[in-house]
Amino acid sequence: MTTETVKKQRWKLNLRDRFQDLPKPARIAAMVVFVVLLYLLPTKAFYENLGFPIPVGSGYLPFYTTGSDMAGVLFQCGYYILLALGLNVVLGYAGLLDLGFFGFFAVGAYTVALLTSPESKLITEYNWLESPWPWLVTVPIAIALAMLSGVLLGWPTLRLRGDYLAIVTLGFAEIIRIVAKNQDWILNGDRGIPSVGHPPGTWPDGEAIFDLEFTPYYWLVLTVIIAVIFLIRNLANSRVGRAWVAIREDEDAAELMGVPTFKFKLWAFAIGAAIGGLSGSLWAGQANFVNSNTFSLENSILVLAAVLLGGAGSIGGAILGGFIVIYLPEWLRSVGDVFGWPTQVEIAGIHIDVSPTSLRFVIFGALLIVVMIYRPQGLWPNRRRAAELKDRQKEVAPVE
Amino acid sequence: MSERKALLEVDNVTLRFGGVVALNQVDFTLYEGEILGLIGPNGAGKTTCFNAMTGVYLPTEGQIRFKGEQVSGKKRNKITKMGMARTFQNIRLFPEMTALENVLVGADAHNSTSVPTALLRLPKHWREERQSKARALELLDFVGITGRSDDLARNLSYGDQRRLEIARALATNPALLCLDEPAAGFNPAEKVALLELIKKIRDSGVTVLLIEHDMRLVMGVTDRIVVLEFGRKIAEGTPEEVRDNPKVVAAYLGVPDAA
């Protein structure tokens, strides 16, 4: 190792440690300011007060460039961050590779849709319900059902390890999607379920808070994320978190030291699933319409990409990853318009489309590859996980 | 020898892997409060015997009883909870956890905090964390690595890692501690220290089963010795008896050609 890299690492270490070394009130104050900024992010006043130039009449906001939809993109980032946080428990903490995580999102979304929509078949055909239930009541049910499906999936499959588990979970998500697509009896196939309920609440002037405007949904999901972070941290710093790390590092040794490995793996699965279901129910509360097209396999992969990009085993990493995988393609979609970049170039008489809009997934994919090559532990890694990864690399290819 | 209470009974255990007979009707008893040595040349089946006891393998025939209760077929973490703890021949700590956390994992064997308690930070969580931490620090002190509690296990020296493994096993509050070649790779001074530690563990009321290659260590510390060769028990007795047993000598040194 050259002295330069040592110095660089020491500097990085300092940055993190320096924050940790601040007195506790200072740390809390910094976090509070940061959170307040997050809440203000989609409002125009925020940028005006900070002195960002806003192009007149365009409605564009800096950082996000399609103006009025900034809150919408942030909301989408929000439920992806929740998904990433959930998968982080399963993959980052307990080390279980789950490729079908979006299945739990689907369970949560469909539960809310079925119970809150007046056009749900539970009401129109089967008369199980007399009238649609309020959204808020259905969220705990959605979480419980997602958790139950996590347990049902985990019970037989968590005896498997590694690749085998990945395949089974992949199958699970596909089963949910295909059943939703092809079955008419309750989920209504591709026609889906319209008029899904929204969260409750009205402004003082009597207007519903949660309607078409995205900003309140963003505030809601942000609040939920903060609560989830606290709960996950409680778990990570307890007997449960220790058991997960032990299982991840050496499952056999953990079991021989008295860790009920199966029980805690199942818990990791159930908690991840519950968070996934919560995310799905928040999404359904906004989406108004739920059908099977939302739950394609790419979404599961995207959540996985978010966790790995951010850094498995780290809450900050999951948040960063979930944000990037949604925000970056959206930002690329319109950044060209704002800066007036050319959309086409002509080379030897051939017009080539080079607008960031059409190339956004190419750019995004290339960036993912670059990050994974140069920073396999993720952008904001958990120290322990990063070290484990390094050890494993050494096992594969001894250096020096 | 007065009345002795059997702690572990290995009752005619046979273990086959396909055609290979790893253990062949092995039969011995471990009494409370003693240090029993399990020795034998390489490949004699010592570690296999350990694995059968701790639930890693299921005996093909025969029974293993611990405190009078059948062990075979029980879950491994349950066996640990019953009071049998072990270390590993090739160290298997949790490398990226600190020394303290490693011991805490062992101490957790008797904690009942689970997800709801930890999630809501109920009093039980705090109580168990506090008690386990105190116990873990005590054990780090007991095995002689005070002051290394916040170091990652992988950064400890080889000898300290072996000690940490013992502390982690002791944290599960075992009645029986099984040490699988704890002195492997030790220099003579470290071996002496280990000898003292093993005696100290016995004096604290824990029965010890010791697998060891180093004859001098075994002779110096054990009350009784069981000798295995090719999966079969060939001798059992006090160190003196075993040392003078011609079968044992033959197993270790070979039989002289007819002379």
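The values are calculated or read from the model by the stated rules, or taken from the named source; none is laboratory data. Quick caveat: nothing in here was measured; it's all calculated off a predicted structure. All Cβ positions, even for glycine, are placed from backbone atoms using ideal geometry, and neighbour counts span all protein chains on display. Protein only, heavy atoms only, side chains kept; ligands, DNA and RNA dropped before computing areas. Shrake-Rupley method; radii C 1.70, N 1.55, O 1.52, S 1.80 Å.
Based on alpha carbons, the Rg and Dmax found for chain B are 19.2, 78 Å. Backbone phi angles across the range A:315-326, fed through the Karplus curve with coefficients 6.51, -1.76 and 1.60 (θ = phi - 60°), yield HN-Hα couplings of 5, x, x, 4, 5, 4, x, x, 5, 5, 5, 9 Hz in residue order; Gly and Pro are listed as x.
For the residues of B:79-88, the average number of beta carbons from a partner chain within 10 Å of their own beta carbon is 3. Amide H to amide H distances under 5 Å link B:GLU229 with B:ILE234, where only residues 5 or more positions off or on other chains count and H is placed in the peptide plane. Pairs exceeding 22 Å between alpha-carbon atoms, taken from A:LYS181/A:LYS265; A:LYS263/B:LYS74; B:LYS5/B:LYS81; B:LYS191/B:LYS233; A:LYS263/B:LYS75: A:LYS181/A:LYS265; B:LYS191/B:LYS233. Simple point charges give the picture: +1 on the Cβ of Lys and Arg, -1 on the Cβ of Asp and Glu, and for chain A a dipole about the Cα centre of about 1560 debye.
Taking amide H as placed 1.01 Å from N in the peptide plane, the amide H of B:LEU7 sits under 5 Å from that of B:LEU30, B:TYR31, B:GLU32, each at least 5 places away or on another chain. Using a/c under 1.5 as the rounded threshold, could you call the range A:230-349 rounded, prolate or oblate? The axes a ≥ b ≥ c are square roots of the C-alpha gyration tensor eigenvalues, and prolate needs a/b larger than b/c, oblate otherwise. Here the range A:230-349 falls in the prolate category. Computed over protein heavy atoms with a 1.4 Å probe, the carbon and sulfur contribution to the accessible area of the protein assembly as shown reaches 60%.
Averaged over every viewing direction, what's the projected area of the C-alpha convex hull for the range B:96-173? Give it in nm², one decimal, please. Averaging across all directions leaves 4.9 nm² for the Cα convex hull. For the residues B:ASP214, B:ASP141, B:ASP108, a 1.4 Å probe over the protein chains yields an accessible-area ranking, largest first, of B:ASP141, B:ASP214, B:ASP108. Accessible surface calculations at 1.4 Å, restricted to protein heavy atoms, place the protein assembly as shown at 47 Å² per residue.
Calculate I(q)/I(0) for the protein assembly as shown by the Debye formula, one identical point scatterer on each C-alpha and no solvent, and give its log10 at q = 0.08, 0.11, 0.12 Å⁻¹ to two decimals. Values, matching the q order: -0.73, -1.14, -1.27. Exposure here means at most 14 other Cβ atoms within 10 Å; with trypsin sites (Lys or Arg not before Pro) in a DSSP loop as sites, the longest stretch of chain A lacking them is A:162-400. Per-residue Karplus couplings for the range A:200-207, computed as 6.51 cos²θ - 1.76 cosθ + 1.60 with θ equal to phi - 60°, are listed in order as x, x, 10, 5, x, 7, x, 6 Hz, Gly and Pro entered as x. Using a 1.4 Å probe on protein heavy atoms, which residues of the range B:98-128 have at least 30 Å² less accessible area in the complex than alone? Buried-area filter returns B:GLU101, B:VAL105, B:ASP108, B:THR113, B:SER114, B:VAL115, B:ALA118, B:LEU119, B:ARG121. Between B:LEU23 and B:LEU15, the built amide H atoms are under 5 Å apart, and every one of these is 5 or more places off in sequence or on another chain. Among the chymotrypsin sites (Phe, Trp or Tyr not before Pro) in the range A:228-320, those placed in a DSSP loop whose Cβ has at most 16 other Cβ atoms within 10 Å are A:PHE289. Take the accessible area of chain A alone and of chain B alone, subtract that of the pair, and you get about 3000 Å² summed over both chains, using a 1.4 Å probe. Is the C-alpha gyration tensor of the range A:69-310 telling us rounded, prolate or oblate? Criteria: a/c under 1.5 is rounded; beyond that, a/b larger than b/c is prolate, otherwise oblate. Cα axes put the range A:69-310 in the prolate bin.
Hey, quick one: spin label on B:THR14, modelled 7 Å out along Cα-Cβ, who in the range B:34-64 has an amide N within reach, i.e. under 11 Å? So the set is B:60-62. Between A:LEU22 and A:TRP203, the C-beta separation translates, for a Förster distance of 51 Å, into a calculated FRET efficiency of about 0.85. Mean partner shielding of peptide B:149-155, defined as the number of other chain Cβ atoms within 10 Å of each residue Cβ, is 1.
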